[in-house]
Amino acid sequence: MINKLGYTIKQAFKQIFRNRAMSLASVFAITAMLLILGVFFLLIINVNTAAESVKKDYNTIEIFLQDQTDETASQQLMTEITGWNDVASVKYRSKDEALQILKERWGESGYLLDSLESNPLPNSIVITVKNLEGADKIAQNAKKLNGIEDVKYYKDTVDKLLKVTRGMKIAAMVIMAFLVIVSVVVVSNTIKLTVLARSEEINIMKYVGATNWFIRGPFLAEGIIIGIVSALISVGIIAFVYSRVIGSLGTELMTILSTPLVPLGFMTYNLVWIFLALGISIGAWGSIISMRRFLDT
Amino acid sequence: MITFDHVTKRYNSNIGLDDVSIEIGKGDFVFLVGPSGAGKTTFIKLILKEIDADKGRIMVKNREVTKLSNREIPMHRRNIGTVFQDFRLLPNKTVFENVAFAMEITHQTKRTVRRQVPQVLSLMGISSKAYKYPDELSAGEQQRVAIARAIVNRPTVLIADEPTGNLDPDTSWEIMRLLDIINQRGTTILMVTHAKDIVDRMNKRVVAIEKGRVIRDETGAYNRHRDPDVKTARDGMVYSRAGGLLNKNDK
């Protein structure tokens, strides 16, 4: 068994080396394909995390108060709101508190807010909704109240975000599927060349009584090796580029969007497995397709 | 060893073999003769199960070839050595590797390979060429390598498809002598050939096929006692006894 495996892998490396140019071409093609795939992957997981972090605010409605609305008036508003259906709790958030929260979100860049002469943020009332179905009604009612400036209601944003995310996911899936097929074709063509170059050998092997798997093995291994090499190269490139992106504009982007980017380590770890799985299946699939005609007896 | 029982094979409307029944015993040496397109290649392909018969039953070594599954074909072929007119050696492998290759396929240990390959090469008289590449060898030497490869796994049947077709007469006789030795060691040999002089002088069983039918099946003894230089109306071949029996001359 180990003997067999050793033979197969040795043959595969020999073939790859003998067909250097074509093997390299396949590696390039699959790597390019995986890179595009990787960009989509990064986009999707980042949009997903953004959506998740916004979702946390999903069950809250924030009512911004006009500056002239004093504490008594706000107290009255709060009492009124508490009486509405589906309201879990009502909380007053002063402009100082709001600034503090913002500072925390901005993290290291929070000191930037210290230079503000006056606090531009409004006082607000934060409503926590008991039942999400009732959120729409509460928001509509809140807009009719006196002394308020604006109602910030996250459901719309979240809905939009989820719709966009879903659309992106579907588009990415379609493009990924297309790319996978393209790379299978590329690999199968490369291997078909190796197979053609060795068709005489394959014929002889068949006459001497080699099993189909014995003949197929080295070609299969060849495809898999090409797949693994491409996967590792593309993960390397993506991890490198991503770390640069995080390093240069990442922190600023994060504070502005108030959502974190997916950390490099987590991303790389996941990407390695996904790409290896993809690379191996593309390689294996490609070689099986190209062999089928030759072993069909 | 090999039995054809009312075997018929057609290619579209063309006849490959037409209701052929024949029995080849263990240790037999049989010549398969006939004009091009008579069905000789079909006969061999059927034995190797490269193609399937339309009708009838083919048995090789008590196994019904016609009923083998695709998975069983490799094992079936390991029992049959094959030699071709064009040698079919791998050009990028040495003589030793070409022969060892047939053993690697059956996953023999390195030790067995190292023991068995030199034995076979010496039997074929090409020990000194072990580390040469096929294009450094003469045609006759290449055919010896091909035969070595065919017998290294000790098949019970050796099929030779015009093994002397590309060789000059002297070299042809050398190859025939080797085949005869292999046959005497117990291997059944089925040889397709056009060379009438070889068929006549070897004095073995001859099966003639024409238009997919067996038109003649004669044992060596019959051949030997046959009146020389008689043109038979049936096959239009000229028999001559000139040269005598090769294997007896050589020994």
Taking segment B:69-83 and keeping residues among the hydrophobic types (A, V, I, L, M, F, W, C), within 18 Å of B:Thr3 (Cα to Cα) and free of Cβ contacts under 8 Å to residues at least 60 places away in the same chain leaves B:Ile73
Checked segment A:1-42 for anything of a type in the set (Lys, Arg) and either assigned to a loop (DSSP other than H, G, I, E, B) or modelled with pLDDT under 80 (or both); matches are A:Lys4, A:Arg18
Residue pairs within 7 Å by beta carbon, gap of at least six or interchain, first lying in segment A:158-178 and touching a residue at least 12 places away in the same chain (Cβ under 8 Å), second surrounded by fewer than 15 Cβ atoms within 10 Å (Cβ to Cβ) and not hydroxyl-bearing (Ser, Thr, Tyr), listed first then second, are A:Val158/A:Lys55; A:Met168/A:Leu43
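Would you check which residues across segment B:195-220 are hydrophobic (A, V, I, L, M, F, W, C) and not in a strand (DSSP E or B) and list them?
Within segment B:195-220, B:Ala195, B:Ile198, B:Val199, B:Met202 meet the criteria.
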Exercise. Does B:Arg114 satisfy the criteria of being part of a helix (DSSP H, G or I) and away from chain A (no Cβ under 12 Å)?
Worked result: yes
Filtering segment A:260-277 down to residues that are at pLDDT below 85 and either in contact with a Leu (Cβ under 9 Å, 6 or more places away or on another chain) or aliphatic (A, V, I, L, M) (or both) yields A:Leu261, A:Val262, A:Leu264, A:Met267
Within segment A:201-219, residues farther than 12 Å from A:Gln11 by Cα, at the interface with chain B (Cβ under 7 Å from one of its Cβ atoms) and either modelled with pLDDT under 85 or part of a helix (DSSP H, G or I) (or both) come out as A:Glu201, A:Ile204, A:Met205, A:Tyr207, A:Val208
Considering residues that are part of a loop (DSSP other than H, G, I, E, B) and either among the aliphatic types (A, V, I, L, M) or surrounded by fewer than 16 Cβ atoms within 10 Å (Cβ to Cβ) (or both), the number found within segment B:166-187 is 4
| request: Inspect all residues belonging to segment A:170-193 and state whether any of them is touching a helix residue (DSSP H, G or I) at 6+ places or on another chain (Cβ under 9 Å), within 14 Å of chain B (Cβ to nearest Cβ) and either closer than 30 Å to A:Asn48 by Cα or surrounded by 16 or more Cβ atoms within 10 Å (Cβ to Cβ) (or both). | output: no
If we ask which residues in segment B:83-111 are within 13 Å of A:Ile204 (Cα to Cα), out of contact with any Pro (no Cβ under 9 Å at 6 or more places or on another chain) and not in a helix (DSSP H, G or I), their number turns out to be 2
Of the residues in segment B:56-86 that are within 9 Å of chain A (Cβ to nearest Cβ) and of a type in the set (A, V, I, L, M), the one that is surrounded by the fewest Cβ atoms within 10 Å (Cβ to Cβ) is B:Met75
Apart from one, (1) surrounded by 23 or more Cβ atoms within 10 Å (Cβ to Cβ); (2) touching a Ser or Thr at 6+ places or on another chain (Cβ under 7 Å); (3) within 12 Å of another protein chain (Cβ to nearest Cβ) all hold for A:Glu222; the odd one out is (3)
Taking segment B:42-68 and keeping residues out of contact with any Ser or Thr (no Cβ under 9 Å at 6 or more places or on another chain) and within 14 Å of B:Val7 (Cα to Cα) leaves B:Thr42, B:Phe43, B:Lys45, B:Ile47, B:Glu64, B:Val65, B:Thr66, B:Lys67
Checked B:Leu48, B:Leu89, B:Leu32, B:Leu121 against criteria (at pLDDT 90 or above, away from chain A (no Cβ under 12 Å), within 30 Å of A:Leu5 (Cβ to Cβ) and crowded, with 17+ Cβ neighbours inside 10 Å); the one match is B:Leu121
Self-check item: Verdict on B:Val117 being among the β-branched types (Val, Ile, Thr) and farther than 12 Å from B:Val33 by Cα
Solution: yes
When segment B:138-162 is checked residue by residue, the ones that are more than 14 Å from every other protein chain (Cβ to nearest Cβ) and either over 26 Å from B:Phe29 (Cβ atoms) or in contact (Cβ under 8 Å) with a residue 60 or more places away in the chain (or both) are B:Gln143, B:Glu162
Picked from segment A:77-102 (must be part of a helix (DSSP H, G or I) and of a type in the set (Ser, Thr, Tyr)), the residue farthest from A:Gly147 (Cα to Cα) is A:Thr82
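This table checks each residue for (1) among the aliphatic types (A, V, I, L, M); (2) at pLDDT below 80; (3) within 13 Å of A:Ser124 (Cβ to Cβ).
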{"residue": "A:Ile44", "(1), (2), (3)": "yes, yes, no"}
{"residue": "A:Asn48", "(1), (2), (3)": "no, yes, no"}
{"residue": "A:Val54", "(1), (2), (3)": "yes, yes, no"}
{"residue": "A:Asn59", "(1), (2), (3)": "no, yes, no"}
{"residue": "A:Glu62", "(1), (2), (3)": "no, no, yes"}
{"residue": "A:Gln66", "(1), (2), (3)": "no, no, yes"}
{"residue": "A:Gln75", "(1), (2), (3)": "no, no, no"}
{"residue": "A:Glu80", "(1), (2), (3)": "no, no, no"}
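The values are calculated or read from the model by the stated rules, or taken from the named source; none is laboratory data. Everything quoted here is computed from the prediction, not taken from an experiment. Please note: Cβ atoms are built from the backbone with ideal geometry, for glycine as well, and neighbour counts cover all protein chains shown.
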